[in-house]
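Structure first, commentary second.
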DNA sequence: CATACGACCTGAGTGC
DNA sequence: TGCACTCAGGTCGTAT
């Protein structure tokens with residue numbers, strides 16, 4: 001699913017309906033989504049009575065911030081979840097979606113986790129392919145989570161110097177480096193292909209063989225592409241929607257992603273698809289070197 | 001340590 | 001209509 005621009009769009013759309021609401025219950029029709037803690041009881045006990053204070057994003061994670069419980073502490077079982085503040089950390093993986101829907105309405109298809117709110121609405125996390133995960137944790141536990149702790153900077157926080165250093169020591173292909181969340185966070189298959197086209201770089205080029213100028217151009221391309229995608233509300237290929245069911249708009253600006261066999265928007269040569277880093281990659285064999 | 005690749009799931013689309 | 005097959009926005013565990 002969703003890469004950085006889609007999760008950012010969702011976070012912005014969810015905030016108005018969630019901030020200030022009190023969690024009155026949790027339901028998990030599919031326990032597989034509960035990555036930590038793993039029991040429904042622990043989720044319900046730790047979250048109930050807490051107020052949503054903010055909705056944010058880091059990399060492709062959606063974070064829902066919760067304030068103190070009315071009567072914190074003293075309950076047995078999971079003392080670390082009696083902290084003043086907790087977070088829901090959702091990873092949407094390929095097909096995760098969010099909905100805000102009336103609690104008394106039938107749940108959306110593939111509903112995996114439902115957060116009942118005090119205004120008669122529910123935040124529903126749905127996920128057809130069941131790759132998505134939800135965590136309920138303290139700010140400290142979030143920082144200690146290895147996936148979170150090893151995330152690289154957001155694209156606009158990446159400095160040319162750090163990008164140069166990361167690429168110059170990698171032997172693998174540049175596409176794999178862009179997809180590596182520990183180098184820079186938030187890039188997935190769509191935005192990797194779009195950025196590589198914008199920078200005129202083939203996806204299978206070894207990272208360390210790029211020139212300094214090419215690396216500079218690539219970082220600028222990533223930042224520009226991600227920025228334009230956020231402005232367009234993300235990209236809808238199939239499943240992605242905002243919580244209101246609205247599609248993104250950036251798919252109409254794709255230059256190469258999903259366009260193998262079509263003419264290159266720059267030179268009209270036929271765009272080519274190849275497997276790079278295990279992912280289908282589309283590029284122009286003429287414009288990208 | 002870095003890299004490569006199958007596994008995890010369910011469905012949509014294609015071709016026979 | 002049915003079946004077999006391929007592909008899909010991401011990460012993780014295991015093998016090399």
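Worth pointing out:
- Every residue from segment A:275-289 that is closer than 13 Å to residue A:192 by Cβ and without any contact (Cβ under 8 Å) to a residue 24 or more places away in the chain: A:278
- Checked against (1) in contact with a strand residue (DSSP E or B) (Cβ under 9 Å, 6 or more places away or on another chain); (2) within 13 Å of DNA strand C (Cβ to nearest atom), residue A:149 passes all but condition (1).
- Of the residues making up segment A:247-265, those that are farther than 11 Å from residue A:282 by Cβ and in contact (Cβ under 8 Å) with a residue 60 or more places away in the chain are A:248, A:250.
- Failed criterion for residue A:80 (all others in (1) outside the structural domain of residue A:16 (by TED's automatic domain parsing); (2) loosely packed, with under 13 Cβ neighbours inside 10 Å; (3) touching a strand residue (DSSP E or B) at 6+ places or on another chain (Cβ under 9 Å) hold): (1)
- Test: residue in segment A:173-195 that is touching a residue at least 40 places away in the same chain (Cβ under 8 Å) and more than 16 Å from DNA strand C (Cβ to nearest atom): no
- Considering segment A:132-149, and only residues there that are closer than 12 Å to residue A:58 by Cα and within 16 Å of DNA strand B (Cβ to nearest atom), the residue that is surrounded by the most Cβ atoms within 10 Å (Cβ to Cβ) turns out to be A:147.
- Qualifying residue in segment A:217-230 (condition: within 15 Å of DNA strand B (Cβ to nearest atom) and buried (at least 18 other Cβ atoms within 10 Å of the Cβ)): no
- Odd one out for residue A:129, checked against (1) assigned by TED's automatic domain parsing to the domain that holds residue A:241; (2) within 16 Å of DNA strand C (Cβ to nearest atom); (3) under 28 Å from residue A:251 (Cα atoms): (1)
- Once segment A:156-165 is narrowed to residues that are assigned to a helix (DSSP H, G or I) and in contact (Cβ under 8 Å) with a residue 12 or more places away in the chain, the residue that is nearest to the chain's Cα centre (by Cα) is A:156.
- Long-range neighbours under 6 Å by Cβ, at least six apart or interchain, first residue over 17 Å from residue A:187 (Cβ atoms) within segment A:207-235, second within 16 Å of DNA strand C (Cβ to nearest atom) and assigned to a helix (DSSP H, G or I): A:233/A:9
- Some residue of segment A:89-98 being surrounded by 17 or more Cβ atoms within 10 Å (Cβ to Cβ), away from DNA strand C (no atom under 16 Å from the Cβ) and not assigned by TED's automatic domain parsing to the domain that holds residue A:180: no
- Residues in segment A:166-209 that are in a helix (DSSP H, G or I), within 17 Å of residue A:221 (Cβ to Cβ) and more than 9 Å from DNA strand B (Cβ to nearest atom): 17 in all.
The values are calculated or read from the model by the stated rules, or taken from the named source; none is laboratory data. Keep in mind that what you see is a predicted model, and the values were worked out from it rather than measured. Every residue, glycine as well, gets a Cβ built from its backbone with ideal geometry; the counts of neighbours run over all protein chains shown.
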